[in-house]
Amino acid sequence: MIEILPAIDIIDGRCVRLSQGDYERRKTYDSSPVEMVHRYADCGLNRIHVVDLDGAKADTPRNLALLEKMALISGVSIEWGGGIKNETSLHAVFESGASYAVVGSTAAKQPALFANWLERFGAERMVLGADIREGKVSVSGWLENLDMSIETLTERFLPHGLRQVVCTDISRDGMLQGPSVSLYKRLQQSYDQVDFTVSGGIASMDDIRRLDKEGLRKVIVGKAIYEGYITLNELEQWAAGLDRSLS
């Protein structure tokens, strides 16, 4: 069964969601990031995907004090991305309690450095962040587009043990229009040794059920939760293996 990773995006210490990666098209929610982790933990969701959008823009993590509080919550592990541009930042993220580090811009622009991190810190902790717009990789908080495909980016790191990729379809992120199922199905079938995490467009539990049927292994859900399209009860039922709608 596909694993659901609830998303928490942070700007100025608060939960936000962007539309198509646009910082000017953001919505801020009342719940605090730490409160949301507690809620997800109560639902039995073990891995939380957190993006430090301040850090992504500033090129260095900006919300590590929040990370420390999140990491203390029993039963969860934090997958943290945003602003990890050098080894000092990577160490700071791990020392603040993250179990996994998502690296996007640095991996694309300094592949030798990310390859080194994969080998030294382990593929079980290092996650490639591959954000794509119109088939090309986007970096620096989705503000810069590169002439590189996700396949090219992924294949760079296979010899170094890459096993985890979060692939965000920016055109669908925050739009609640459904994920690009064919994209993720193709990637997962092409690189079976890698776990691709679907990110962008999830609008309902039906989207998640479809991805599960297609053999996808992980999916990030953000705005659909905050906007009430997917309830905490539904997440709890899924995490407990009690969702019977697959048959």
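The values are calculated or read from the model by the stated rules, or taken from the named source; none is laboratory data. Treat the numbers as computed from the prediction; the structure is a model and nothing was measured. Methodologically, a virtual Cβ is constructed for each residue, glycine included, from the backbone with ideal geometry; neighbour enumeration extends over all protein chains shown. Areas reflect the complete protein model, heavy atoms only, side chains present, ligands, DNA and RNA absent. Shrake-Rupley method; radii C 1.70, N 1.55, O 1.52, S 1.80 Å.
Applying the set (1) crowded, with 23+ Cβ neighbours inside 10 Å; (2) under 25 Å from residue 26 (Cα atoms) to residue 127 leaves exactly one unmet item: (2). The strands (runs of 3 or more DSSP E) located wholly in the range 150-226 that include 3 or more residues which are closer than 18 Å to residue 136 by Cα and touching a Lys or Arg at 6+ places or on another chain (Cβ under 8 Å) occupy 195-199. Condition first: farther than 20 Å from residue 168 by Cβ, open to solvent by 20 Å² or more (accessible area, probe 1.4 Å) and touching an Asp or Glu at 6+ places or on another chain (Cβ under 6 Å). Can you find one or more residues in the range 96-110 that meet it? Looking through the range 96-110, at least one residue is farther than 20 Å from residue 168 by Cβ, open to solvent by 20 Å² or more (accessible area, probe 1.4 Å) and touching an Asp or Glu at 6+ places or on another chain (Cβ under 6 Å).
Checking 133, 172 one by one, the residue that is under 22 Å from residue 51 (Cα atoms), open to solvent by 10 Å² or more (accessible area, probe 1.4 Å) and within 15 Å of the chain's Cα centre (by Cα) is 172 and no other.
The set of residues from the range 51-87 being farther than 13 Å from residue 101 by Cα, out of contact with any Ser or Thr (no Cβ under 9 Å at 6 or more places or on another chain) and of a type in the set (Asp, Glu) comprises just one member, 54.
Within the span defined as the range 64-74, every residue fails to be open to solvent by less than 30 Å² (accessible area, probe 1.4 Å), modelled with pLDDT under 95, in a loop (DSSP other than H, G, I, E, B) and not hydroxyl-bearing (Ser, Thr, Tyr).
Looking across 119, 124, one residue alone is assigned to a loop (DSSP other than H, G, I, E, B) and touching a residue at least 24 places away in the same chain (Cβ under 8 Å). It is 124. If you go through the range 155-211 and pick out every residue that is in contact with a Pro (Cβ under 6 Å, 6 or more places away or on another chain) and more than 19 Å from residue 5 (Cβ to Cβ), you end up with 1. Close Cβ contacts (under 8 Å, 6 or more residues apart or on different chains) running from residues in the range 75-92 that are assigned to a helix (DSSP H, G or I) and open to solvent by less than 10 Å² (accessible area, probe 1.4 Å) to residues that are of a type in the set (Phe, Trp, Tyr) and modelled with pLDDT of 95 or more comprise 90/117; 90/121. All conditions in (1) closer than 24 Å to residue 40 by Cβ; (2) open to solvent by less than 10 Å² (accessible area, probe 1.4 Å) hold for residue 210, with the sole exception of (2). Restricting attention to the range 102-116, the residues being part of a helix (DSSP H, G or I) and over 19 Å from the mean Cα position of the chain (by Cα) number 6. Against the list (1) more than 13 Å from residue 111 (Cα to Cα); (2) at pLDDT 95 or above; (3) crowded, with 18+ Cβ neighbours inside 10 Å, the condition residue 156 fails is (1). Annotation: of all residues in the range 13-49 being out of contact with any Leu (no Cβ under 7 Å at 6 or more places or on another chain) and in a helix (DSSP H, G or I), the one that is surrounded by the most Cβ atoms within 10 Å (Cβ to Cβ) is 40.
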